[in-house]
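So the structure is just underneath, and the comments pick up after that.
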Amino acid sequence: MLPQIGKLGSDYMEWVNKPVDRPLRLFGPWYLEMCTKTPWYIVPIFWIPVIIYLVIRGSENVAAIANEPQLLYGLLSSIPCTDGSFMQTRRMSAGPFATFHFLIHGLHHKVPFDPYRLVFPPIPAMIIASILYPPILLLFQTYSLVALAGGLTGYVVYDMIHFYLHYGSPSGGHLYFMKRYHYQHHFVHHDKGKKIH
């Protein structure tokens, strides 16, 4: 199905925002399709050890990190905003842009009831993290591994909250409001309610 998305042209945004409640196959080969589906618990199982490793390797001593709490806080609060939402309100009609948008965010809009498509799979996330690491290295130099760990922590927290908003049952308070707001984003106002934080 993935090769057909770029051919939708100006109909892409309308199509992607009409959810379906059925399985959606992106690739023919099973090994590629497998990389697009992830149970929610795989994200923390896979990434928490990686994050711990990056923090340990990236911190030459605990005092160095303790002197830079704003770095970690800034990354934890801003990295999840780079989940593709900068593109979500744009009219994605050009083939490669529509396909990229679909892979990053649109797939979840097309099949919001598929529990295996609510979190971002580790294999594509590893590819993205590998692409983002060189600029992180340039920006943060000594703290680059810790900065990457902060970004990955934000990604894990974002995905866990996002999954909970779909399958959890908050009984009130902020998470209840977030769930209602997020569902409005899916089913009523597609250009609003993108953020979960």
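Is there a residue being of a type outside the set (Asp, Glu), surrounded by 18 or more Cβ atoms within 10 Å (Cβ to Cβ), within 17 Å of Tyr53 (Cβ to Cβ) and touching a residue at least 40 places away in the same chain (Cβ under 8 Å) anywhere in segment 155-178?
Within segment 155-178 (the criterion being of a type outside the set (Asp, Glu), surrounded by 18 or more Cβ atoms within 10 Å (Cβ to Cβ), within 17 Å of Tyr53 (Cβ to Cβ) and touching a residue at least 40 places away in the same chain (Cβ under 8 Å)), the answer is yes, since at least one residue qualifies.
If I filter segment 36-66 down to residues being at pLDDT 90 or above and assigned to a loop (DSSP other than H, G, I, E, B), which single residue comes out as farthest from Ile161 (Cα to Cα)?
Thr36
Select from segment 1-18 the residues that are of a type in the set (A, V, I, L, M, F, W, C) and part of a helix (DSSP H, G or I) and write down the one among them that is farthest from Trp30 (Cα to Cα).
Looking at the filtered set, the residue picked out is Met13.
Please determine whether any residue of segment 95-109 is modelled with pLDDT of 85 or more and polar (S, T, N, Q).
Yes, the conditions are met somewhere in segment 95-109.
Can you tell me how many residues within segment 100-141 are free of Cβ contacts under 8 Å to residues at least 24 places away in the same chain and small (Gly, Ala, Ser)?
Number of matching residues: 2.
Out of the residues in segment 131-142 meeting the condition of being among the aliphatic types (A, V, I, L, M) and within 20 Å of the chain's Cα centre (by Cα), tell me which one is surrounded by the fewest Cβ atoms within 10 Å (Cβ to Cβ).
That would be Ile131.
Among the listed residues Leu152, Leu145, identify the single one that is on the phi < 0 side of the Ramachandran plot, surrounded by 13 or more Cβ atoms within 10 Å (Cβ to Cβ) and under 17 Å from the mean Cα position of the chain (by Cα).
Leu152
The values are calculated or read from the model by the stated rules, or taken from the named source; none is laboratory data. Computed from a prediction, not measured in an experiment: that's the story for all the values here. With ideal geometry, Cβ positions are generated from the backbone for all residues, glycine too; neighbour counts draw on all protein chains shown.
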